[in-house]
Amino acid sequence: MTLPDDPGIKVKVPFIDLKAAYLQLRSELGDALSRVMDGGQLILGHEVEAFEESFARYVGCTHGVGVGSGLSALQIGLAAAGIGRGDDVLVPANTFIATWLAVSEVGARPVPVDPDPDTGNVTATSIEAALTPRSRAVIPVHLYGVPVDMSPIMALAHSRSLFVLEDAAQAHGAEYKGRRSGSLGHAAAWSFYPTKNLGALGDGGAVTTSDPELARKIRLLRNYGSNEKYVHDVKGTNSRLDELQAAFLSVKLRHLDAWNARRRFVAASYLQGMRNPLVMLPRPGSWALPSWYVFVVKTERRTELQRFLRERGVDTMIHYPVPPHRQAAYADLGIPWDAFPVANRWCDEVLSLPMGPHMTDEQVEFVIESVNVFR
């Protein structure tokens, strides 16, 4: 993302600097590219296997399965657990629409859950209140890289025989009570979209789990329902992480902890330095060590703040302006627009500030100054 060349802008702060990450790793990424091309195996080869093993180990699971995207990871994870037509799946009312789309793709019905007003994440209490007789699964989303309070949710899931699929697409390296996100539910779905903390140079995703039978089914489903060429045991799909992206991800995985440490420094600087009463800062639970995929503040004057920051050269984004239940895609569910007031308020007030491991100290300080002088 680039900003206009305006000599009046004191410091230019892009929302995230993907080019800087590439420049840092250009040599390593080039070596990975050469290794894949020299090897001649482009689909489901050694690079995918190596990344699956290292990423699962990093997360704290025994199995990792690479797929084509984060949406595919969610959809295949649900399908492997037997979730389908006639089932209800509880999902956050405020999340990226992919969480809901995965439920729809397996033929189940998404049942929205209003989030906690402080963290924006669902809780065991809000999930329990939304349960229906057909509830079979829950997808807690570690929104913005801030872990959900998972222990009560897993206790509820055990008592109600619910399958828990973490949507960890924004939580690479986040921790909950000393354990990494993605190892807390029955399985976890990951996205490697380029802007993620662990991002590919294209699209990609994965499912992690410590359930060997679930992992076996996921491997079948991602590859036409086949473990042996031209032998198809189930009706599967084509959603495979390719060798080149796996090789790139293996390179980036080695740098993830250091990059997350820098993100946490930026977040800590924001939390300590921002003192504008018009802007509400994030409040993660005491159990959480966020990965800070994005740093999201809330304000009732979002349009004005966003314009003010843009004029000063500070790029921002909104994650997410319209909740799924207010999208035309889900008009068929007949959910009133005002049914989830907490989610609606989050969507109306959130603003994502610049965040990334390659922000300079000068840029961090300028964002803090810019937010503080807003009136």
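The values are calculated or read from the model by the stated rules, or taken from the named source; none is laboratory data. Every value quoted in this text rests on a predicted model; they were computed, and no experiment measured them. With ideal geometry, Cβ positions are generated from the backbone for all residues, glycine too; neighbour counts draw on all protein chains shown. Note: accessible area is taken over every heavy atom of the protein model, side chains too, but ligands, DNA and RNA are not part of it. Shrake-Rupley method; radii C 1.70, N 1.55, O 1.52, S 1.80 Å.
Within the option set 234, 251, 294, being of a type outside the set (Ser, Thr, Tyr) and either more than 24 Å from the chain's Cα centre (by Cα) or modelled with pLDDT under 95 (or both) holds for one residue only, 234.
Can you tell me which residues in the stretch 336-362 are charged (D, E, K, R), free of Cβ contacts under 8 Å to residues at least 12 places away in the same chain and either in contact with a strand residue (DSSP E or B) (Cβ under 7 Å, 6 or more places away or on another chain) or not in a helix (DSSP H, G or I) (or both)? 338, the sole residue that qualifies. In the stretch 39-52 there is at least one residue that is assigned to a loop (DSSP other than H, G, I, E, B), free of Cβ contacts under 8 Å to residues at least 60 places away in the same chain, over 30 Å from residue 129 (Cα atoms) and of a type outside the set (A, V, I, L, M, F, W, C).
Restricting attention to the stretch 113-139, the residues being in a helix (DSSP H, G or I) and either open to solvent by 10 Å² or more (accessible area, probe 1.4 Å) or within 18 Å of residue 336 (Cα to Cα) (or both) number 6. Number of residues in the stretch 95-112 that are open to solvent by less than 20 Å² (accessible area, probe 1.4 Å) and within 16 Å of the chain's Cα centre (by Cα): the value is 5.
To keep it simple, each residue is scored yes or no on (1) buried (at least 20 other Cβ atoms within 10 Å of the Cβ); (2) at pLDDT below 95.
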position: 24; (1), (2): no, no
position: 40; (1), (2): no, yes
position: 76; (1), (2): yes, no
position: 93; (1), (2): yes, no
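Exactly one residue out of 240, 283, 263 is loosely packed, with under 15 Cβ neighbours inside 10 Å and of a type in the set (D, E, K, R): that is 283. In summary, strands (runs of 3 or more DSSP E) completely within the stretch 162-234 and bearing 1 or more residues that are farther than 20 Å from residue 84 by Cα occur at 187-191, 205-209.
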